[in-house]
Amino acid sequence: MKNLVIIANGGAGGINFPHRRAQGLKKAVSVGYEILKNGGSSIDAVEQAIMVLEDTTIFNAGTGSTLGLTGEVEMDASIMTADGNYGAVAAIKNVRYPIQVARLVMEKTDHLLLCGDGALKFARLCGIKYHNPKTKEKIRMWERAKNRLKSDYFPKLYKLKELYETVGVVAMDTNGFITAGTSTGGISLHLPGRVGDTPIIGAGTYANKYGGVSTTGHGEMIMKTLLAFRTVAYMEKYSAPVAGKMAIDYATRVKCRAGIIGIDREGKILCVNNTEAMSWCYIKNGTMKSFY
Ligand code: GLY
């Protein structure tokens with residue numbers, strides 16, 4: 001029998017609200033694993049698991065996304081399959097499930113990435129309804145953070161380690177087919193129009209026949225290091241745990257604060273970070289393990 005595997009992370013920014021975090025991650029991988037167990041595809045498993053995380057509100061993705069400098073929520077998401085298909089949205093507003101729109105970009109367009117108003121228009125044409133992703137909790141956090149800023153214009157962000165709450169899921173189905181996906185509200189107080197690593201192919205998400213990876217952390221540095229691609233490239237020669245160690249050692253050397261989850265072609269898992277803590281949960285062949 002082939003391995004059935006699904007792994008999710010809830011960001012590498014620490015373990016606040018552990019109970020809600022645990023509930024969200026466990027539910028996400030359970031929903032995804034049920035699909036895999038019933039012979040469903042890793043694409044469906046990843047999409048549905050990320051939709052659970054996007055609804056959880058504790059994470060920085062979907063409802064409960066962090067607010068940018070002007071108080072707007074702009075979300076990024078991407079999905080990639082082992083056969084090289086890719087879809088992403090950047091700086092999209094007012095949808096409930098950015099990952100769903102990313103999948104629609106992958107399956108219904110000739111493009112890889114749609115952004116801003118164009119992405120939103122496309123989503124509406126696909127029947128995706130208006131949704132306000134701002135929560136009272138995240139508005140309060142935004143107000144507190146904004147009060148600490150010295151300037152209203154191009155702030156140098158600080159205490160970034162508290163803000164890495166991007167979610168990701170990687171899954172392998174009964175055909176050994178791997179899909180990776182990532183979703184985020186970006187970095188708190190980002191400038192309007194800022195796009196992070198999450199929708200950039202090879203930065204936030206990457207998959208090929210050797211494996212699949214989703215990253216979380218400081219987007220600007222993850223883009224510069226193409227961290228997801230780099231990790232999957234290591235998997236050509238090495239198993240997932242070794243590739244994960246090589247990738248996070250590299251990230252540490254170049255001062256890229258990140259967390260990485262992934263699965264290789266043999267169903268082995270990687271789960272590494274160089275931040276204070278990263279919450280994660282996986283189910284492999286019926287056994288669940290987690291950290292949060
Ligand atoms: N890693 C998420 C972001 O920087 O936008």
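Conditions: (1) under 27 Å from Ala145 (Cβ atoms); (2) more than 10 Å from the ligand (Cβ to nearest atom). Thr216 meets all but one. Number of the miss?
(2)
Would you mind telling me which numbered condition in (1) touching a helix residue (DSSP H, G or I) at 6+ places or on another chain (Cβ under 8 Å); (2) surrounded by 19 or more Cβ atoms within 10 Å (Cβ to Cβ) Gly219 fails?
It is condition (1) that Gly219 fails.
From Ala251, Ala277, Ala258, which residue is within 24 Å of Thr184 (Cα to Cα), modelled with pLDDT under 95 and not β-branched (Val, Ile, Thr)?
Of the residues listed, the single one that is within 24 Å of Thr184 (Cα to Cα), modelled with pLDDT under 95 and not β-branched (Val, Ile, Thr) is Ala277.
Identify all residues within the stretch 17-59 that are assigned to a loop (DSSP other than H, G, I, E, B), of a type outside the set (Ser, Thr, Tyr) and either under 23 Å from Val95 (Cβ atoms) or touching a residue at least 12 places away in the same chain (Cβ under 8 Å) (or both); write none if there are none.
Within the stretch 17-59, Phe17, Gly39, Gly40, Ile58, Phe59 qualify.
Just the residues that are loosely packed, with under 14 Cβ neighbours inside 10 Å and under 13 Å from Tyr210 (Cβ atoms), please, taken from the stretch 230-256.
Residues satisfying the conditions are Glu236, Lys237.
Is it the case that Ile6 is under 17 Å from the mean Cα position of the chain (by Cα) and of a type outside the set (Lys, Arg)?
yes
This table checks each residue for (1) in contact with a Pro (Cβ under 9 Å, 6 or more places away or on another chain); (2) hydroxyl-bearing (Ser, Thr, Tyr); (3) over 25 Å from Asn208 (Cα atoms); (4) surrounded by 22 or more Cβ atoms within 10 Å (Cβ to Cβ).
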residue	(1), (2), (3), (4)
Ile15	no, no, yes, no
His19	no, no, yes, no
Lys26	no, no, yes, no
Val31	no, no, no, no
Asp44	no, no, no, no
Phe59	no, no, yes, yes
Thr63	yes, yes, yes, no
Leu67	no, no, yes, yes
Val73	yes, no, yes, yes
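Go through the stretch 194-213 and give me each residue that's surrounded by fewer than 24 Cβ atoms within 10 Å (Cβ to Cβ), within 20 Å of His111 (Cα to Cα) and more than 10 Å from the ligand (Cβ to nearest atom).
Selection gives Ile201, Gly202, Asn208.
Could you list, ordered by first residue, the pairs with Cβ atoms under 7 Å in which the first is in the stretch 101-114 and among the hydrophobic types (A, V, I, L, M, F, W, C) and the second is modelled with pLDDT of 95 or more and in a loop (DSSP other than H, G, I, E, B), at least 6 apart or interchain?
Val101/Val95; Val101/Ile128; Leu104/Cys126; Val105/His111; Met106/Asn85; Leu113/Pro199
Just to be sure, is Gly87 outside any loop (DSSP other than H, G, I, E, B), within 21 Å of Thr287 (Cα to Cα) and of a type in the set (Gly, Ala, Ser)?
no
Of Gly71, Gly11, Gly62, which residue is small (Gly, Ala, Ser), in contact with a His (Cβ under 9 Å, 6 or more places away or on another chain) and not in a helix (DSSP H, G or I)?
The match here is Gly62.
Looking at the structure I just gave you, is Gly262 under 17 Å from Met278 (Cβ atoms) and either away from the ligand (no atom under 13 Å from the Cβ) or not small (Gly, Ala, Ser) (or both)? Show your work before the answer.
On the way: under 17 Å from Met278 (Cβ atoms): yes; either away from the ligand (no atom under 13 Å from the Cβ) or not small (Gly, Ala, Ser) (or both): yes.
Against the criterion (under 17 Å from Met278 (Cβ atoms) and either away from the ligand (no atom under 13 Å from the Cβ) or not small (Gly, Ala, Ser) (or both)), Gly262 qualifies.
Report, by residue number, each residue of the stretch 258-290 that is assigned to a loop (DSSP other than H, G, I, E, B) and out of contact with any helix residue (DSSP H, G or I) (no Cβ under 7 Å at 6 or more places or on another chain). Step through it out loud before you land on a result.
In the first step, residues of the stretch 258-290 are kept if they are assigned to a loop (DSSP other than H, G, I, E, B); the result is 265-268, 274-276, 278-279, 285-286.
Across the stretch 258-290, the qualifying residues are Arg265, Glu266, Gly267, Met278, Asn285, Gly286.
The values are calculated or read from the model by the stated rules, or taken from the named source; none is laboratory data. This structure is a prediction, so every number in the text was calculated from the model and none was measured. A quick note on method: Cβ atoms are made from the backbone with ideal geometry, for glycine too, and the neighbour counts reach across all protein chains shown.
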